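**Q** The structure's right below; bear with me while I get my questions together.
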Amino acid sequence: MKIGLWPVAAAAMVGLIVAAQPVDETRVVVSGATRGYLAPCGCTKPMSGGLRRRMASVRQLSLGGEVLVLDTGEFVTGTGPQDVLKAQTVAAAMRTAPIDLISYTQSESRLGAATATQLQELVGGKLRSSTSLESAFSLPRPVTKGNVLSVSVETGAGQARSWREVLREVDEQAADEHRGVVVLFGGDRELAAEAAESFTSPVVVVYRSKEDALTEPIRVGKNWLVTPGDLGKTVLGFSFVNGGWEKYRVNRLGPDVHDDPQTSRLYRQYLKRVGDAGLFEKLSRTAAQGFVGSDKCQPCHAEIYKHWKKTSHASAMPTLKRDGHDRDPDCVSCHSVGTHAADGYFSEKRTPTLGAVGCESCHGPGRDHVADWKQKTISQSAQTCTQCHSRQTSPNFDFLTYWNKVKHPVGKTGGKPK
Ligand code: HEC
Ligand code: HEC
Ligand code: HEC
Ligand code: HEC
């Protein structure tokens, strides 16, 4: 019995010794590469990403202790009016989270000086690049949190300073201060490896990629290469612990992550502005192609029509309307008929029978065939599905499995064999 006490006492002493040694941990949270993808299409598993989920995740991961929160920038890919609205929304959302540094990249500067300045105001001055000399966007000193320094560098043309020079300086500073470095790096994996090799201090280089985030970091000696991947679908977490990198974790923004309420509010405002600006109505269109709407097919193909009406294709526009996307140019084209053409879907009022994935979405414009059924201008193929069922919008798409779910009867009417 007495002997039994010894291990307990010993364990308690070991515990004291461990507690006396300070665990020096700085946590780091990295996301970004929104690239215009503010919302996932649909809510089905495994559709992932979206600004609302991401901000919720970033906010949650930033709680407790010393946490360096970074964003790799690239709010949008284009420069059109919807891109400006998106960039403003991303910036406003980021203002609500405790982000320390956001890369100022070509994507933001391409939007023009006036918009970039406005974005800078929206994010509260966190949009920075160490290679820029524009005073409003330059990052003269690294951002410091706990034991980690962070900088953001662009590698392309038009930079005022060389990224190699910036990284040499930050490496020296980190060595003096015994800190680790996280570089938000405006280049690909190969160039990032070169950057990581040039460091003497422990560094994590966050590179740009169109691939998914990696389940494990790429190791270059004791240094790491990581990426948040494409379209803001992940939030990375890792730690600088007692002089080394540890605890790498990829948080995927699946349907299990709730929407951040503040970002949801900003997102609703964004959709309203997209609608108010009439962006969908202003899209350029080709000449009329002869779209007539599925109702025109009903008289002759009654059974097929009846079957189609029960599929989710027939209610694709109400699906969008449910959360206010029915006038969002990013969504409408796949949830309706022929938006690329002058006589395609325009609005519920003007083109009520085109607000669905209709017969003509798969069979092409029906005007000539409706006027004279002997005109066999109508066709379909497996490719007609994948123009809408893309990797992005329908990750589980498989022709046979999917066709079996929506397969309508064939023959002339779909009733008795023709
Ligand atoms: C490239 C074509 C395409 C675009 C663009 C698109 N969608 Fe979809 N959407 C689809 C397809 C295909 C499905 C069915 C996916 C599946 O079930 O595999 C779908 C399904 C949905 C669903 C239903 C999911 C469910 O669980 O019932 C919603 C909601 C939705 N989309 C909303 C949107 C929104 C919002 C946008 C714009 C941000 C959008 N979509 C843009 C093709 C698209
Ligand atoms: C006036 C009656 C009529 C209307 C309206 C009509 N069809 Fe047909 N359709 C036919 C007949 C009859 C056939 C069978 C032709 C044959 O067997 O050679 C046919 C055949 C087809 C075929 C088989 C391929 C082909 O071209 O022969 C498709 C696909 C088709 N119709 C789609 C549609 C769609 C989509 C609409 C509405 C836009 C539509 N039809 C409207 C009478 C009609
Ligand atoms: C014009 C775009 C478009 C085309 C073309 C298209 N789809 Fe769809 N599909 C959609 C959209 C949008 C949805 C989601 C509708 C909704 O839920 O409101 C969908 C939903 C579906 C669903 C239902 C998924 C589910 O589990 O509920 C199936 C199955 C499907 N499509 C199969 C096909 C097949 C097979 C083809 C080709 C023969 C095809 N689709 C062509 C846009 C399209
Ligand atoms: C999701 C895509 C899709 C939609 C929507 C769709 N079809 Fe089809 N349709 C097909 C495919 C694929 C085939 C070929 C089926 C086969 O060969 O087994 C087909 C076959 C047909 C045929 C028979 C052709 C033949 O040779 O017998 C007719 C007629 C037809 N469709 C009419 C319609 C009408 C009318 C509607 C709307 C009420 C409609 N389809 C909606 C994809 C679609």
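The values are calculated or read from the model by the stated rules, or taken from the named source; none is laboratory data. Predicted model only: the values in this text are computed from it and were never measured. Heads up, the Cβs are rebuilt from the backbone with ideal geometry, glycines too, and the neighbour counts pull from every protein chain shown. These accessible areas exclude ligands, DNA and RNA; they are computed on the full protein's heavy atoms, side chains included. Shrake-Rupley method; radii C 1.70, N 1.55, O 1.52, S 1.80 Å.
**Q** Just to be sure before I move on: is Asp259 in contact with a helix residue (DSSP H, G or I) (Cβ under 7 Å, 6 or more places away or on another chain), open to solvent by 20 Å² or more (accessible area, probe 1.4 Å) and assigned by TED's automatic domain parsing to the domain that holds Glu177 in the structure I sent? Walk me through it before giving the result.
**A** Working: in contact with a helix residue (DSSP H, G or I) (Cβ under 7 Å, 6 or more places away or on another chain): yes; open to solvent by 20 Å² or more (accessible area, probe 1.4 Å): yes; assigned by TED's automatic domain parsing to the domain that holds Glu177: yes.
The answer is yes for Asp259.
**Q** Restricting attention to the stretch 265-310, which residues are within 16 Å of ligand 1 (Cβ to nearest atom), within 19 Å of Asp326 (Cα to Cα) and buried (at least 18 other Cβ atoms within 10 Å of the Cβ)?
**A** Across the stretch 265-310, the qualifying residues are Leu266, Tyr267, Tyr270, Leu271, Val274, Leu279, Phe280.
**Q** For Arg249, which of the numbered conditions (1) touching an Asp or Glu at 6+ places or on another chain (Cβ under 8 Å); (2) open to solvent by 70 Å² or more (accessible area, probe 1.4 Å); (3) in the same structural domain as Arg179 (by TED's automatic domain parsing) fails to hold?
**A** Exception for Arg249: condition (1).
**Q** How many residues does the stretch 266-299 contain that are within 16 Å of ligand 2 (Cβ to nearest atom) and assigned to a helix (DSSP H, G or I)? Steps first, please.
**A** As a first pass, look at the stretch 266-299 and keep what is within 16 Å of ligand 2 (Cβ to nearest atom): 288-299.
Filter once more, so that each one left must be assigned to a helix (DSSP H, G or I): 294-296.
So the answer is 3.
**Q** If you don't mind, there's one more thing I want to ask. Taking Ser150, is it touching a residue at least 40 places away in the same chain (Cβ under 8 Å) and surrounded by 14 or more Cβ atoms within 10 Å (Cβ to Cβ)? If you could, list the steps in order and put the result at the bottom.
**A** Working: touching a residue at least 40 places away in the same chain (Cβ under 8 Å): yes; surrounded by 14 or more Cβ atoms within 10 Å (Cβ to Cβ): yes.
Yes, satisfied.
**Q** Which of the residues belonging to the stretch 366-381 are surrounded by 12 or more Cβ atoms within 10 Å (Cβ to Cβ), at pLDDT below 75 and within 16 Å of ligand 3 (Cβ to nearest atom)?
**A** Those that are surrounded by 12 or more Cβ atoms within 10 Å (Cβ to Cβ), at pLDDT below 75 and within 16 Å of ligand 3 (Cβ to nearest atom): Ile378, Gln380.
**Q** With respect to Arg350, is the statement that it is under 22 Å from Gly42 (Cβ atoms) and more than 9 Å from ligand 4 (Cβ to nearest atom) true?
**A** Values: under 22 Å from Gly42 (Cβ atoms): no; more than 9 Å from ligand 4 (Cβ to nearest atom): yes.
Criteria not met by Arg350.
**Q** For the stretch 349-394, what are the residues that are within 17 Å of His325 (Cβ to Cβ) and touching a Lys or Arg at 6+ places or on another chain (Cβ under 8 Å)?
**A** The answer is none; no residue qualifies.
**Q** So which strands (runs of 3 or more DSSP E) stay within the stretch 17-134 end to end and still have 2 or more residues that are closer than 29 Å to Pro255 by Cβ and open to solvent by 40 Å² or more (accessible area, probe 1.4 Å)? Spell out how you get there, then give the answer.
**A** Numbers: elements: 25-31, 67-71, 101-103.
Fully inside the stretch 17-134 and qualifying: nothing.
**Q** To continue, here is another question. For the stretch 295-341, enumerate the residues that are of a type outside the set (A, V, I, L, M, F, W, C), within 9 Å of ligand 3 (Cβ to nearest atom), within 14 Å of Gly42 (Cβ to Cβ) and in contact with a helix residue (DSSP H, G or I) (Cβ under 7 Å, 6 or more places away or on another chain).
**A** Scanning the stretch 295-341 gives His313, Thr319, His335.
**Q** Within the bounds of the stretch 68-91, is there any residue that is modelled with pLDDT under 95 and under 27 Å from Asp256 (Cβ atoms)?
**A** Of the stretch 68-91, the ones modelled with pLDDT under 95 are none.
Taking every residue of the stretch 68-91 in turn, none turns out to be modelled with pLDDT under 95 and under 27 Å from Asp256 (Cβ atoms).
**Q** Also, I was wondering about something else. Within the stretch 314-328, take every residue that is of a type outside the set (Gly, Ala, Ser) and either near ligand 1 (Cβ under 9 Å from one of its atoms) or part of a loop (DSSP other than H, G, I, E, B) (or both) and give me the one that is surrounded by the fewest Cβ atoms within 10 Å (Cβ to Cβ).
**A** Arg322
**Q** Then there is this: Sort through Cys362, Cys388, Cys334 and tell me the only one that's in contact (Cβ under 8 Å) with a residue 40 or more places away in the chain, outside any loop (DSSP other than H, G, I, E, B) and surrounded by 17 or more Cβ atoms within 10 Å (Cβ to Cβ). Step through it out loud before you land on a result.
**A** Details: Cys362 fails: in contact (Cβ under 8 Å) with a residue 40 or more places away in the chain; Cys388 fails: outside any loop (DSSP other than H, G, I, E, B).
Exactly one residue qualifies, and that residue is Cys334.
**Q** Can you tell me which condition Ser361 does not meet? The list is (1) under 22 Å from Lys310 (Cα atoms); (2) touching a Phe, Trp or Tyr at 6+ places or on another chain (Cβ under 8 Å), and all the others hold.
**A** Going through the list (1) under 22 Å from Lys310 (Cα atoms); (2) touching a Phe, Trp or Tyr at 6+ places or on another chain (Cβ under 8 Å), Ser361 breaks only (2).
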